[in-house]
Each structure stands twice: as C-alpha cells, then as structure tokens.
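To start, the structure itself, in structure tokens.
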Amino acid sequence: MFLRKLLPSEGYYCVAMLLQSGGFRHFWYDDIEAAEKQLESLDADGHTVYIAQATFNQAQVVAALEHNKALPRGHSRDQRKKERSQANAIKLKNFFLDIDCGEKWPLKNQLEGLQALKQFISDTDLPFPAVVNSGNGLYAHWILEEAIPASQWLTIAQLLKRVVAKYAPAIGGDSSRTSDSASVLR
C-alpha cells in the first residue's frame, strides 16, 4: 500500500538487491504489484532490498540491458550502459532525504535523527514527511498527490538539497540521494 502512495502509477519499476560483493542486481517490472512481490520475496530470503523512487523509460532500460548482455566476457565496466540512471528516469512522486545515523555520522542514532528532522521542519515550515526506518538511519519522504516529470522533480530536489545544507547539514549526511532521481532506498 505504501509503495502505491510513494511511487508513480506509470513507468518501469526497479527493485535492487544489494550484492555481497558491492553494487546491486536489478529487477525490472512494468507494474507495481510485481515489484512488491519481488521485494517481499527477496526480503524473505534474507537479502537487503531497495526500490527506485522513480519510474523509468522501459525502452531505454531494455536497450541498455541488451547492450550490456551483448558485451564480450571480460569487458571493462565503462563499456556498460546504466539501466537505472537519471537519463532514463521519467517520473517521481516524492522528494526524499536520507538521514544517516551512527557512530561515523553527526547524528548518533535514529532518535537524534528524528529530533533533527523535527527541528528542520520547524525552521523551514515544510510539511512533516512520511518517515521510514532505513536500518541505521531514516528516510523522509514528501509524497505528492501526482507524479511529476523527472526534469521538474530535479529542479525542486536541488532546491531542497540547498535548503537542507543551509538549515540542517547534519540530516543531509548522504545529500547526494536528495537530488538523484535514480536513487534506490531501502
């Protein structure tokens, strides 16, 4: 139910499984129900799973997948085409903030993260977002009524990133996520 509120209703959905060697294995679906089932299945098998916040252009993703499959064994990584990329993102329905917490971050735990988020909301008069436990940290999601084009989303996301940097740098620990339309979140 949450994903239907969070994600656009059209486009190609990307589920990402974290690999032990680093990086992700991507799974692509043209409907949200199939993506949800894949998330649940991978999670039940003990994998760390993520979902892209954007939907993507299916033709561009398929073309990149076919290109990569045709590469000879032993090719260099820079010859690969990215399937999950900002260039392939078409729509988003939320703005998000990855609030990292832990010993190596300014916010030592989720309670500190939530308190910093509340202060940020108070200082900026933004509406309070949906908040999700991301493992050690938090994700804040400002969910829109309707999905918007990725180019329009990017303009606003870059503004949000600058506001966070000015008012609450501690909650923007991984601020690259805030303006990356191809981001995957847990």
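Here are the numbers for the structure shown:
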| item | result |
| --- | --- |
| Full-stretch length increase - Arg25, Ser151 - with 0.36 nm per residue and alpha-carbon distance subtracted | 42.8 nm |
| Shape category assigned to region 16-55 from the gyration tensor of Cα positions, a/c cut at 1.5 | oblate |
| Among the listed pairs Lys37/Lys93; Lys81/Lys118; Lys108/Lys166; Lys37/Lys118; Lys93/Lys118; Lys37/Lys69, those beyond 29 Å (Cα-Cα) | Lys81/Lys118; Lys37/Lys118 |
| Distance from region 82-134 to region 30-68 (C-alpha centre basis), Å | 22 |
| [x] 0.95; [y] 0.98; [z] 1.01, with the label sought being that of the calculated Rg/Rh (Cα atoms, Kirkwood Rh) | [y] |
| Rounded to the nearest 10 Å², the accessible area of Asp125 at probe 1.4 Å | 140 |
| Spacing of the two label points (7 Å from each Cα toward its C-beta) at Leu111 and His47, in nm | 3.6 |
| Burial order of peptide ranges 99-106, 2-9 (average beta-carbon count within 10 Å, highest first) | 99-106, 2-9 |
| Cα-based shape type of region 1-105, given that a ≥ b ≥ c are square roots of the gyration tensor eigenvalues and the cut on a/c is 1.5 | oblate |
| Residue of Asn136, Asn94, Asn57 that the Gaussian network model of the chain assigns the largest fluctuation, springs spanning Cα pairs under 10 Å | Asn136 |
| Charge dipole magnitude, Cβ of K and R +1, D and E -1 - region 27-125, Cα centre, debye nearest 20 | 580 |
| Shape category assigned to region 114-186 from the gyration tensor of Cα positions, a/c cut at 1.5 | rounded |
| Surface per residue (accessible, 1.4 Å probe) for the chain, Å² | 56 |
| Relative contact order of the chain, pairs being alpha-carbon contacts under 8 Å that are 6 or more residues apart, as % | 25 |
| Pair Glu33, Val163: separation of 7 Å Cα→Cβ label points (nm) | 3.7 |
| Asn68-Thr124 pseudo-label distance in nm [points 7 Å out on the Cα-to-Cβ vector] | 3.2 |
| Full-extension gain in nm, Phe2 to Glu40, via 0.36 nm per residue minus C-alpha separation | 12.3 nm |
| With every protein chain in place, the chain: carbon and sulfur % of accessible area (1.4 Å) | 49 |
| Mean residue ellipticity (222 nm) of the chain, computed from DSSP H runs ≥ 4 via -39,500 (n - 2.57), nearest 500 | -11000 deg cm²/dmol |
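The values are calculated or read from the model by the stated rules, or taken from the named source; none is laboratory data. Everything numeric here is computed off the predicted structure, so don't read it as measured data. Neighbour counts run over all protein chains shown; Cβ positions are idealised from the backbone, glycine included. Please note that ligands, DNA and RNA were not included when accessible areas were found on the heavy atoms of the full protein model with its side chains. Shrake-Rupley method; radii C 1.70, N 1.55, O 1.52, S 1.80 Å.
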